[in-house]
Amino acid sequence: MTSTPSTPSTTTLTRITPSVAWRGARARRLVERNVMVYRHSWLIIFSGLFEPIFYLLSIGVGIGRLVGKVPGPGGHLLTYREFVAPALLASASMNGAVYDSTMNVFYKLKYAKIYDAVLSTPMGVDDVARGEITWALIRGFLYAVSFIVVMLALGLVDSAWEILALPASVLIGFGFASIGMATTAYMRSWEDFEFVQLAVLPLFLLSTTFYPLSTYPRWLQIVTECTPLFHGVALLRALNEGAIGPGLLLHALYFVAMGMIGVWVASRRLGHLLLT
Amino acid sequence: MGATPPALRALEYWIYQYRRMWRGSVISGFISPLLYLAAMGVGLGSLVNHHHSSRNSLGGVSYIAFLAPGMLAAIAMQIGAQESTYPVLGGIKWVKNYFAMLATPLRVVDVLVGQLLWIAMRITLTVTLFLVTMELFGAGHHWTVLLAVPSAVLTGMAFAVPICAYAATREGDAAFAALFRFVVMPMFLFSGTFFPVTQLPKGLRVVAYITPLWHGVDLCRALALGDAGVVRSLGHVAYLLVFVVAGALWARHTFTRRLAT
């Protein structure tokens, strides 16, 4: 596989046009760069697949035997594996997006100085933010496809609506990746990443991933309903059960809003960091 | 002053170092198990305890009483694995503090022993904190649970010592990611921490029995529940010690080859 260099005419055109006209339009170049870099370490990407699958087999199958049927959001009684699988997909989308947009981006920003190099080309800060988020979403999409294939193989897909879980998990990834980027732009050192852990782990464990919302007392239910992963879990669980209703749009809107706020903050702050 | 054994000097270095880093490790070492116990032990536990047949599979105890001592051993493994990968390769390649130590009267063996003592200390600290948390949740009824602390430290060292040896053979950290994904994480999930290994299919069950983590989990669980048989427990201890001793011999070899030139 060789990369084809862009034709001289496009390059010249992009170089002479004022970059304002192209804001964010060159994000594709950054994605291309990441694809080229990761060609040599595809194993890292590939191995990322296994963690959610191990969790599914351990928690879903192992603990599943200790747990009876659990009511799903549509009111059907589900086996514990059917209940937990979509939630693990949602949390895998979160984890992947957060990891990509925090650790990886921080390394490129502070140590590898990739973005300084990027900005000496016609690309701008918006390209960097959008490019990195797009890259995180492409990875997230690949993980979601493979996880759903595993769910199919284990007979855990209950409804044809599950196909919408693909765009839905990319949307969940979008929300988390852009907030992750925005947070990274404010990070000072590696020690700060403990705080990222401090946010991600309770979301993973407490967002009704492993048990229904009714387990909580009322006040805790309300708190949980405000947190992002809860909406991701609810969305994917409903899609897999085929419990379609207007409420799902609300879950989706949560991530659209989260993503847009994140991109806005990330672009602004990166501009401040890299251009001043 | 001059009478301090040299390995303790190396240990002292790590303690000084830690004084600037402890906040992060409190988060990973204390808050994560707390969250796991709350979510899995209490939340998921409420589903497990309501299921009619699960008490039998768990040996007649509540889910959190089953889970907590297993997590104690699993946490020890995770800390052991973390502290014996990046810090060791860092000592050789990135920070090169091992070479700084070797520029003093310390020998390679002192550097190694100092590192291992420090890891044991880190594990002890985390495991003790975890035991306190566990008692707050009311898990661990019998006084023998106190013996679960040294047992968990032994479990952690059964991983840490061989991993130190292995880390000293590496040029980069790529293998560590694979080690965590394909060794540490699967053991955490399948070696009896979250559910009895008797629920695994037969082939996997045998694999689980071979892993040091299962021995650590079974030992800590029996001690926490107060039904530890002497022979069975000593068997677990012996099995874990094999990993520690073999690992130490291997580590002396790899450290010497890498550092003594």
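The values are calculated or read from the model by the stated rules, or taken from the named source; none is laboratory data. Since the structure is predicted, the reported quantities are computational estimates derived from the model, not experimental observations. In this analysis, Cβ positions are derived from the backbone assuming ideal geometry, glycine residues included, and neighbour counts consider all displayed protein chains.
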Filter result (within 14 Å of chain B (Cβ to nearest Cβ), in contact (Cβ under 8 Å) with a residue 24 or more places away in the chain and either more than 21 Å from A:S178 (Cα to Cα) or among the hydroxyl-bearing types (S, T, Y) (or both)) within the stretch A:219-255: A:T227
Tabulated pairs, the stretch B:14-31, first farther than 13 Å from A:F193 by Cα and facing chain A (nearest Cβ under 8 Å), second part of a helix (DSSP H, G or I) and hydrophobic (A, V, I, L, M, F, W, C), C-beta under 9 angstrom, 6+ apart or interchain: B:I31/A:L198; B:I31/A:L201
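Matching residues to (1) crowded, with 22+ Cβ neighbours inside 10 Å; (2) touching a Gly at 6+ places or on another chain (Cβ under 9 Å); (3) within 22 Å of B:P201 (Cβ to Cβ):
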position: A:L49; (1), (2), (3): no, no, yes
position: A:I59; (1), (2), (3): yes, no, yes
position: A:V67; (1), (2), (3): yes, no, yes
position: A:G72; (1), (2), (3): no, no, no
position: A:T79; (1), (2), (3): no, yes, yes
position: A:E82; (1), (2), (3): yes, yes, yes
position: A:A87; (1), (2), (3): yes, yes, no
position: A:S91; (1), (2), (3): yes, yes, no
position: A:G96; (1), (2), (3): yes, yes, no
Selection status of A:Y115, part of a helix (DSSP H, G or I), within 14 Å of chain B (Cβ to nearest Cβ) and in contact (Cβ under 8 Å) with a residue 24 or more places away in the chain: no
Close pairs from the stretch A:59-84: first within 12 Å of another protein chain (Cβ to nearest Cβ) and assigned to a loop (DSSP other than H, G, I, E, B), partner surrounded by fewer than 19 Cβ atoms within 10 Å (Cβ to Cβ) and of a type outside the set (K, R), Cβ under 6 Å, at least 6 apart: A:V67/B:H51; A:G68/B:H51; A:K69/A:L77
Residue that is nearest to A:V196 (Cα to Cα) [pool: residues in the stretch B:32-56 that are modelled with pLDDT under 85 and in a helix (DSSP H, G or I)]: B:S32
Residue in the stretch B:90-97 that is part of a loop (DSSP other than H, G, I, E, B), aliphatic (A, V, I, L, M) and over 17 Å from the mean Cα position of the chain (by Cα) present: yes
Looking only at the stretch B:197-217, and only at residues there that are modelled with pLDDT under 95 and outside any helix (DSSP H, G or I), the one that is nearest to B:A73 (Cα to Cα): B:L200
Pairs where the first residue, in the stretch A:207-218, is more than 8 Å from chain B (Cβ to nearest Cβ) and the second is part of a loop (DSSP other than H, G, I, E, B) and of a type outside the set (D, E), C-beta under 8 Å, 6+ apart: A:S207/A:T227
Meets criteria (away from chain A (no Cβ under 14 Å), modelled with pLDDT of 95 or more and in a loop (DSSP other than H, G, I, E, B)) for B:T169: yes
Residues (surrounded by fewer than 24 Cβ atoms within 10 Å (Cβ to Cβ) and under 20 Å from A:Y111 (Cα atoms)) located in the stretch A:151-184: A:A182, A:T183
The stretch B:47-70 - residue that is out of contact with any helix residue (DSSP H, G or I) (no Cβ under 6 Å at 6 or more places or on another chain) and more than 11 Å from chain A (Cβ to nearest Cβ) and, of those, surrounded by the most Cβ atoms within 10 Å (Cβ to Cβ): B:A65
